[in-house]
Amino acid sequence: MAKTYVSATINGESAEFLCETQQTLLDVLRDVIGLTGSKEGCGSGDCGACSVIVDDRLVCSCLMLGVEAEGKSITTIEGIANGDTLHPIQQKFLEYAALQCGFCTPGLIVATKALLDENPNPTETEARYWLAGNLCRCTGYDKVIRAVMDVAADMRGEKVA
Amino acid sequence: MNYIDSSLKVVGTRPIRPDGVDKVTGRAVFAADTRASGMLWGKILRSPHAHANIVSIDTTKAAALKGVFAVVTGQDFPEIASEEAFVGEGPMNFRDLSLNCMARTKVLYEGHALAAVAASTQEIADQALALIDVTYEVLPHVIDVEDAMAPGAPVLHADMFTSGVTPKPETASNIAKVVTFKKGDIDAGFAEAEVIVEGSYTTQPVHQAYIEPHACLATYSPDGQVQIHSSSQGHFMIRAYVAKLLGMSISNIRVNPAEIGGGFGGKTLVYLEPVAVTLSKKSGRSVKMQMTREDVFRASGPTSGAAMTVKIGAKKDGTIVAAQQVLKFQAGAFAGSPIGPGCMCGFAMYDLPNVDVVGYDVVSNRPKVAAYRAPGAPITSFAVESLMDELAIKLGIDALTLREKNAAKNGTKTHYGPVHQNIGFTAVLDAVKSHPHWKSPLKEGHGRGLATGFWFNIGGESSAQVHVNEDGTVTAATGSPDIGGSRASIGMMVAEVLGVPATTVRTIVADTASIGFTFLTGGSRVTFATGMAATQAAEKVVEDLKRRAAQTWDIPVDAVEWKDGAAYPAGSNAGAFEPLDLAALALKAGRTGGPILAEVSINAQGAGPGFGAHICDVSVDKETGHVKIERYTAIQDVGKAIHPSYVEGQIQGGAAQGIGWALSEEYIYNAKGLMENAGFLDYRVPVASDMPMIEAVLVEVPNPRHPFGARGVGEVPIVPPMAAIANAIRSATGLRMPDLPMSPPKVRAALDAAG
């Protein structure tokens, strides 16, 4: 079957690729473009390890087709840091030891970015429900949620005691 | 050397882990992230039946499909004789593992591998699988453990004759073995008892549910050399299994440890690697394989489900005089459930005069079980700690007091033989007593439960190298895959010995050709055993650096002191020379004996056992049966927390897995023996909104056999949660829930039955 030409913006840069119609955006990112930071944990939209932001919307890239990326702006984990400066969310995850194996971490960080873009001042309950689509089997979520609440306060310019 | 009473500068602090930045930026390379030139995709054909004879497999059409480069079946794998393997965690048999990787004449569970293809794309590989014609003769199947033990049950293995009973049975059955542990005189014990409680309990198999599915990339070269990248808890374990299962020599196999996306015991055996190597050999190309989540559920090991009875007899003052337990553990399709530790761990927290435990290892048409965090202990402890709660209620004694009264102490002889030494159980119970959670009044409608847990922890074979680089920075290499922050803890111990900041030491996991043999990551052994090897290697480096300084200054070695990362002239030479730090000594290395490094390989002994106690408050929604965890505190003796954040993380993560085990996780089979919930939507692991914060309380009773006093910490925290929650539900509702999971339909049904 002929491949489809797709033009999109990935992590702020224009990207062009050819993909099979049945290929998911996750497969395109990982196997066609070579951005392997987004992970496949389930392939069915249940674990969130493949989370990306598509035009300001948090998406499981395993549930979106590559061809649907046409004209869209996509942010993956590789686009969260500013060059060699970590995003405050990334820095806070490190400081709080909010990761163990690190496999779910890219998805959690992307999902946290999407949360704070939409709601800079979430309650703990709001943060927990927002991140309920990102499974983490190592941490029990405790340090993840603490990191999210703390970085949210930092990004609002509040000093947390 | 022993640093337990030393003032420490690095150990006990919370530096950022050496592999952290890679993991928050997406750069960390997991097994599925690797590629090779000319790489093919390998996929496996799996049984659609729970139990069937393979009458024939016709691969002609699949092999003829354009883009298919190899098709393999059981015929492509050597026959392996039955032989006990001591390569992974828990009991294993090389023949069984070979048959589990690729069925020969019979499939034993839905998902059992029976053929594989390698093709240029994943789509072509899928098409090829669909073209393989298999004729099955479907056989009666059996799923549940007690059904599998019943006379007349379908027998999985015609050559399975129960071991551990005399005389040896003459007919085959699904009972692989019977194990017994006895202490004292159980009949006399119960005769002496003033109060006796009994209970029957069941637990469901639960999957480790690491978020990263199994994956590997294998290359077989024409000269017989094999390269494997894979995600596992032991790359030396992968090497050993591949060599044995494929009849290769170990020196021809090099395994590179990828970052591992969670294991919890489930990555202590092989599924894909022998198949990928065989496909690579047949196709002449590199082959990449990765499981889907469905594959992970249907074909990789959960831990056992179980049916258990427990009986405890006590004096009116709470002194336990007799304790009896019968455990029936599902092994899955091949023998090897964690029945041994199951029999040992249930009563290991207590000082009991008369004990009788019998355990059965039982096969049925389910995926072969794999280790899962303290294998066997959470199952047996759910039963024992639930019944301890009933005993406390019946005696009118506080749950903590009952445990204090019977707690194992130093010198207590266990029912399985060893005498407890240097244990911190009493300190853990003291910490429960003084904790604000335990002392706080219960909120209206809430219930509170307490449960304790034990795990042995192990040591074993480990290798570590410490290199002082040309600029005085340090690289520490070990053979232990890092599944939860061990590179941080190992680097910190090395930094402490060398007297440098943690950031000066970079820790890596070296491949099988680059470091001495190291047993897999499991049994909570890495910070203990590999940490001990790394500490000793750092000490050897310090001795070498002192010698080099002495040579430079032309003074005796014993006149050199090492402190704060530098050599100082000491004694009568004090102040005679400027100190030489790591960078200065590294600069002179060429003139003082060449490169500076030490490697230490040990078989570490003396892993201190771990004890924990969890306090849990719940509320129960009477309408839906939903149990909400309102407050959770996990207290554990960790010996010495090298990096407290990652120790807390182990405890919080273990508790969360236990909460899932208690409330929502289970395998659901239909009448045909097929799993109906092989995905994260229907197999429900805890998500962020299910969980409260988990307060981890670190009790530090040093383990004198480790240089810094560390004990293993990763496994104990999954032991207490199920009973802690069951006991909290009992407290909230008056209902005893003896069957896991305590999911809303079951709780609701129990509430309804109670009126």
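The values are calculated or read from the model by the stated rules, or taken from the named source; none is laboratory data. As the structure is a prediction and not an experimental result, all values here were calculated from the model. Neighbour counts are summed over all protein chains in view; Cβ atoms, including those assigned to glycine, are modelled from backbone coordinates with ideal geometry.
Set side by side, the residues A:135, A:131 differ, and just one is in contact with a Ser or Thr (Cβ under 9 Å, 6 or more places away or on another chain), under 28 Å from residue B:264 (Cβ atoms) and at the interface with chain B (Cβ under 7 Å from one of its Cβ atoms), which is A:131. Taking first residues from region B:549-574 that are assigned to a strand (DSSP E or B) and partners that are crowded, with 16+ Cβ neighbours inside 10 Å and charged (D, E, K, R), the Cβ contacts under 6 Å between residues at least 6 apart in sequence or on separate chains come to B:560/B:546; B:562/B:546; B:566/B:581; B:567/B:546; B:568/B:561.
Residue by residue, here is whether (1) away from chain A (no Cβ under 14 Å); (2) surrounded by fewer than 24 Cβ atoms within 10 Å (Cβ to Cβ); (3) among the β-branched types (Val, Ile, Thr); (4) touching a Leu at 6+ places or on another chain (Cβ under 8 Å) holds:
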site	(1), (2), (3), (4)
B:273	yes, no, no, no
B:292	no, yes, yes, no
B:298	no, yes, no, no
B:310	yes, no, yes, yes
B:323	yes, no, no, yes
B:327	yes, no, no, no
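Looking at B:637, B:581, just one residue is of a type in the set (D, E, K, R), touching a helix residue (DSSP H, G or I) at 6+ places or on another chain (Cβ under 9 Å) and under 27 Å from residue B:487 (Cα atoms), and that residue is B:637.
Among residues belonging to region B:503-516 that are part of a loop (DSSP other than H, G, I, E, B) and among the hydroxyl-bearing types (Ser, Thr, Tyr), point out the one that is surrounded by the fewest Cβ atoms within 10 Å (Cβ to Cβ). If we take residues in region B:503-516 being part of a loop (DSSP other than H, G, I, E, B) and among the hydroxyl-bearing types (Ser, Thr, Tyr), then B:514 is surrounded by the fewest Cβ atoms within 10 Å (Cβ to Cβ). Entry remark, region B:698-709: residues being buried (at least 20 other Cβ atoms within 10 Å of the Cβ) and outside any loop (DSSP other than H, G, I, E, B) number 1 in total.
Across region A:143-161, which residue is surrounded by the most Cβ atoms within 10 Å (Cβ to Cβ) among those that are touching an Asp or Glu at 6+ places or on another chain (Cβ under 8 Å) and in the same structural domain as residue A:92 (by TED's automatic domain parsing)? Outline the logic, then answer.
Residues of region A:143-161 that are touching an Asp or Glu at 6+ places or on another chain (Cβ under 8 Å), as a first pass: A:143, A:145, A:147, A:149, A:160.
The next check asks that each one be in the same structural domain as residue A:92 (by TED's automatic domain parsing); those that pass are A:143, A:145, A:147, A:149.
Values: A:143: 27, A:145: 22, A:147: 25, A:149: 17.
Among those residues, the one meeting the criterion is A:143.
Of the listed requirements (1) assigned to a strand (DSSP E or B); (2) within 7 Å of chain B (Cβ to nearest Cβ), residue A:49 misses just one: (1). Exactly one residue among B:306, B:258 is more than 30 Å from residue B:145 (Cα to Cα), in contact with a strand residue (DSSP E or B) (Cβ under 9 Å, 6 or more places away or on another chain) and in contact (Cβ under 8 Å) with a residue 12 or more places away in the chain, and that residue is B:258. Restricting region B:560-607 to residues that are farther than 15 Å from residue B:541 by Cβ and of a type in the set (Phe, Trp, Tyr) leaves a set whose member that is farthest from the chain's Cα centre (by Cα) is B:577.
Looking at region A:92-127 only, could you name the residues that are at the interface with chain B (Cβ under 8 Å from one of its Cβ atoms), touching a residue at least 12 places away in the same chain (Cβ under 8 Å), in a helix (DSSP H, G or I) and within 19 Å of residue A:38 (Cα to Cα)?
So the first thing to find is which residues in region A:92-127 are at the interface with chain B (Cβ under 8 Å from one of its Cβ atoms), and the list is A:93-97, A:99-106, A:109, A:125, A:127.
Still in the list and also touching a residue at least 12 places away in the same chain (Cβ under 8 Å): A:93, A:95-97, A:99-101, A:103-106, A:109, A:127.
Adding the requirement that they be in a helix (DSSP H, G or I) leaves A:93, A:95, A:105-106, A:109, A:127.
Correct list: A:93, A:105, A:106, A:109.
Taken together, the residues in region A:138-161 that are of a type outside the set (Phe, Trp, Tyr), in contact with a helix residue (DSSP H, G or I) (Cβ under 7 Å, 6 or more places away or on another chain) and either part of a helix (DSSP H, G or I) or within 11 Å of chain B (Cβ to nearest Cβ) (or both) amount to 15. Within the set B:87, B:138, the sole residue that is among the β-branched types (Val, Ile, Thr) and in contact with a His (Cβ under 6 Å, 6 or more places away or on another chain) turns out to be B:138.
This table checks each residue for (1) of a type in the set (Phe, Trp, Tyr); (2) buried (at least 23 other Cβ atoms within 10 Å of the Cβ); (3) under 30 Å from residue B:380 (Cα atoms).
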| site | (1), (2), (3) |
| --- | --- |
| B:454 | yes, yes, yes |
| B:457 | no, yes, yes |
| B:465 | no, yes, no |
| B:473 | no, no, no |
| B:478 | no, yes, no |
| B:481 | no, yes, yes |
| B:485 | no, yes, yes |
| B:496 | no, yes, no |
| B:501 | no, no, no |
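Of the residues making up region A:12-30, those that are outside any strand (DSSP E or B) and crowded, with 17+ Cβ neighbours inside 10 Å are A:20, A:23, A:25, A:26, A:27, A:28, A:29, A:30. Within region A:4-30, being closer than 16 Å to residue A:74 by Cα and among the charged types (D, E, K, R) holds for A:13, A:16, A:27, A:30.
Is it true that residue B:381 is on the phi < 0 side of the Ramachandran plot, in contact with a Cys (Cβ under 8 Å, 6 or more places away or on another chain) and assigned by TED's automatic domain parsing to the domain that holds residue B:325? So residue B:381 passes the test.
For the condition in the same structural domain as residue B:377 (by TED's automatic domain parsing) and part of a strand (DSSP E or B), what is the one hit in B:255, B:310? It is B:310.
When region A:75-91 is limited to residues that are at the interface with chain B (Cβ under 9 Å from one of its Cβ atoms) and either at positive phi or in contact with a Pro (Cβ under 9 Å, 6 or more places away or on another chain) (or both), the one that is surrounded by the fewest Cβ atoms within 10 Å (Cβ to Cβ) turns out to be A:78. When we screen B:29, B:24 for residues that are within 14 Å of chain A (Cβ to nearest Cβ) and surrounded by fewer than 16 Cβ atoms within 10 Å (Cβ to Cβ), the only hit is B:29.
The residue of region B:280-290 that is farthest from the other protein chains (Cβ to nearest Cβ), among those that are buried (at least 24 other Cβ atoms within 10 Å of the Cβ) and among the small types (Gly, Ala, Ser), is B:280.
Looking across B:673, B:709, B:625, one residue alone is modelled with pLDDT of 95 or more, at positive phi and in contact with a helix residue (DSSP H, G or I) (Cβ under 6 Å, 6 or more places away or on another chain). It is B:625. Of the residues in region B:137-150, none is surrounded by fewer than 23 Cβ atoms within 10 Å (Cβ to Cβ) and over 22 Å from residue B:672 (Cβ atoms). Filtered by the rule that a residue be outside any strand (DSSP E or B) and either β-branched (Val, Ile, Thr) or surrounded by fewer than 21 Cβ atoms within 10 Å (Cβ to Cβ) (or both), region B:43-57 gives a lone residue, B:48.
Any idea how many residues of region B:313-335 are assigned to a loop (DSSP other than H, G, I, E, B) and closer than 28 Å to residue B:197 by Cα? Before the answer, list the steps.
Of the residues in region B:313-335, the ones assigned to a loop (DSSP other than H, G, I, E, B) are B:315-319, B:333-335.
Narrowing the set further to residues that are closer than 28 Å to residue B:197 by Cα leaves B:315-319.
Qualifying residue count, region B:313-335: 5.
Residue count for region B:690-739 under the criterion of being of a type outside the set (Val, Ile, Thr) and within 11 Å of chain A (Cβ to nearest Cβ): the result is 9.
Residues in region B:660-689 that are assigned to a helix (DSSP H, G or I) and within 8 Å of chain A (Cβ to nearest Cβ) were compared, and the one that is nearest to residue B:605 (Cα to Cα) is B:688.
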